[in-house]
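To start, the structure under review is shown below, and the notes come after it.
The values are calculated or read from the model by the stated rules, or taken from the named source; none is laboratory data. All values reported here derive from a predicted model rather than from experimental measurement. We place every Cβ from the backbone using ideal geometry, glycine too, and count neighbours over all the protein chains shown. Just so you know, the surface numbers come from the protein's heavy atoms only, side chains and all, with ligands and any DNA or RNA stripped out. Shrake-Rupley method; radii C 1.70, N 1.55, O 1.52, S 1.80 Å.
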Amino acid sequence: MRQAGRYLPEFQEVRAQHDFFTVCQTPELACQVTLQPIERFDLDASIIFSDILVIPQAMGLKVEMAPGIGPVLPQPLAGPNDLSRLVQPNVNEALKYVGDAITLTRHKLNGRVPLIGFTGAPWTLMGYMIQGGGSSTMAKARSWLYKYPEETHKLLQMITDVIVDYLVMQVKAGAQLLQVFESNGDYLNDALFTNYSFKYLKQISERVRKQLKEANIPEVPMIAFPKGATMNSLKILTMDQSYEVIGLDWTVDPIEARKQLGANVTLQGNMDPCAMYSSQDEIVDRAQKMVSNFGKTRYIANLGHGILPDTPISSMEAFIKGVHSV
Ligand code: 1CP
């Protein structure tokens, strides 16, 4: 989950010396910070250090990481005419640094835990490309869906094409699972989710699996994290079976999710990142309840969104202890 490293002093030390995207683009540094939580905690998987915004960057948009704010795109897409500013990159060149970081990290992990590769989903990336950063309403991006439906599909398709190559490259480089972050799922009702999110999530899964098959490379499980999706949208995605794993945000009730989504899908989630500020005993207790409520099979324990930067390290230890003690 986003910002896994932010609350760690050893991550802050690296960040004090290097700009965010320099860490992403330098395989030795990206590998180093990917391994930091693995070396400190008893975790069961690692996620490659990068960011979802490396795709808009590869497509020609400038992205900066503003301290205390997050990603900023100073020249966002103002309207459909701006699509001409985008390039369709050769992913194996433009994002080679991510593949190199993955390969190096797989070697350094030496089988200790699996390595997850990831990408932002098309609608989520489109949101950042139009808003110029995070937004509490996504109003500009959402207006596109009504004002420019045709151009929206054109943009989403352009992004999808990059994502497919990007994910295939990550598996070739050594990623053992792939997670697709639809973090802006909050802003879509069921009709918009179906037309502008699910359509492309499905296409991504199908094309990635097909390309891997053609290259004689074994498929890897895929996780979709449609943050804020309604239960109906979650059902649409689950029934389709394009993704082996559905990530749930912290607003979804575990028992209800199992009931509605069935026992045949793997669920991932979903402790509220803010619950990490309660006492250690309470965190252990909440983590145990979470695991019991989801059930111990077909389940990946996680937070329900990115960890907050000032989360106490002792909270993370309590969370892991709780999860492993069920
Ligand atoms: O957990 C990890 O450290 C692994 C690497 C990782 C991942 C998986 C980072 C590093 N970012 C992400 C994914 C990511 N990035 C998502 C999808 C997951 C989610 O919904 O949280 C999103 C939406 C982003 C965009 C992003 N990057 C934001 C959110 C901005 C907003 O308000 O919408 C922020 C704050 C970042 C910065 C970032 N990315 C990663 C780190 C460690 C940080 C902190 C910045 C820093 O160190 O300066």
>> Just the residues that are without any contact (Cβ under 8 Å) to a residue 40 or more places away in the chain and either in contact with an Asp or Glu (Cβ under 6 Å, 6 or more places away or on another chain) or within 17 Å of Met126 (Cα to Cα) (or both), please, taken from region 200-218.
In response: Arg209
> If a residue has to be of a type in the set (S, T, N, Q) and surrounded by fewer than 16 Cβ atoms within 10 Å (Cβ to Cβ) to count, how many in region 106-124 make the cut?
Replying inline: 1
> If you scan region 64-77, which residues turn out to be near the ligand (Cβ under 10 Å from one of its atoms) and outside any loop (DSSP other than H, G, I, E, B)?
Replying inline: Met65, Ala66, Gly70, Pro71, Val72
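Return yes when Val326 is away from the ligand (no atom under 16 Å from the Cβ), assigned to a helix (DSSP H, G or I) and open to solvent by less than 60 Å² (accessible area, probe 1.4 Å) and no when it is not.
no
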> Consider Leu61 against the criteria (1) part of a helix (DSSP H, G or I); (2) surrounded by 19 or more Cβ atoms within 10 Å (Cβ to Cβ): it satisfies all of them except one. Which criterion is unmet?
Replying inline: (1)
> Does region 33-54 hold any residues that are within 12 Å of the ligand (Cβ to nearest atom) and in a helix (DSSP H, G or I), and which are they?
Replying inline: Val33, Thr34, Leu35, Gln36, Pro37, Ile38, Val54
> Which residues, counting only those in region 281-319, are hydrophobic (A, V, I, L, M, F, W, C), open to solvent by less than 20 Å² (accessible area, probe 1.4 Å) and either within 16 Å of the ligand (Cβ to nearest atom) or under 22 Å from Ile246 (Cα atoms) (or both)?
Replying inline: Ala287, Met290, Val291, Phe294, Leu303, Ile307, Phe319
>> So Arg142 passes all but one of these: (1) more than 16 Å from the ligand (Cβ to nearest atom); (2) crowded, with 17+ Cβ neighbours inside 10 Å; (3) assigned to a helix (DSSP H, G or I). Which condition number does it fail?
In response: (1)
>> Being open to solvent by less than 90 Å² (accessible area, probe 1.4 Å), farther than 24 Å from Gly306 by Cβ and either assigned to a strand (DSSP E or B) or not charged (D, E, K, R) (or both): is that true of Thr103 here?
In response: yes
>> Looking at region 1-25 only, could you name the residues that are open to solvent by 20 Å² or more (accessible area, probe 1.4 Å), within 22 Å of Leu177 (Cα to Cα) and either modelled with pLDDT of 95 or more or among the hydrophobic types (A, V, I, L, M, F, W, C) (or both)?
In response: Met1, Ala4, Gln25
> Which of the residues belonging to region 103-152 are among the polar types (S, T, N, Q) and under 21 Å from Tyr166 (Cβ atoms)?
Replying inline: Thr103, Thr105, Thr119, Thr124, Thr152
>> I'd like to verify a number: residues in region 209-227 that are crowded, with 16+ Cβ neighbours inside 10 Å and of a type in the set (S, T, N, Q), how many?
In response: 1
> List the pairs whose first member sits in region 219-246 and is farther than 14 Å from Val180 by Cβ, whose second member is within 16 Å of the ligand (Cβ to nearest atom) and assigned to a strand (DSSP E or B), and whose Cβ atoms are under 7 Å apart, counting only residues at least 6 apart or on separate chains?
Replying inline: Ser233/Pro226; Leu234/Pro226; Leu234/Ile246; Thr238/Ile246
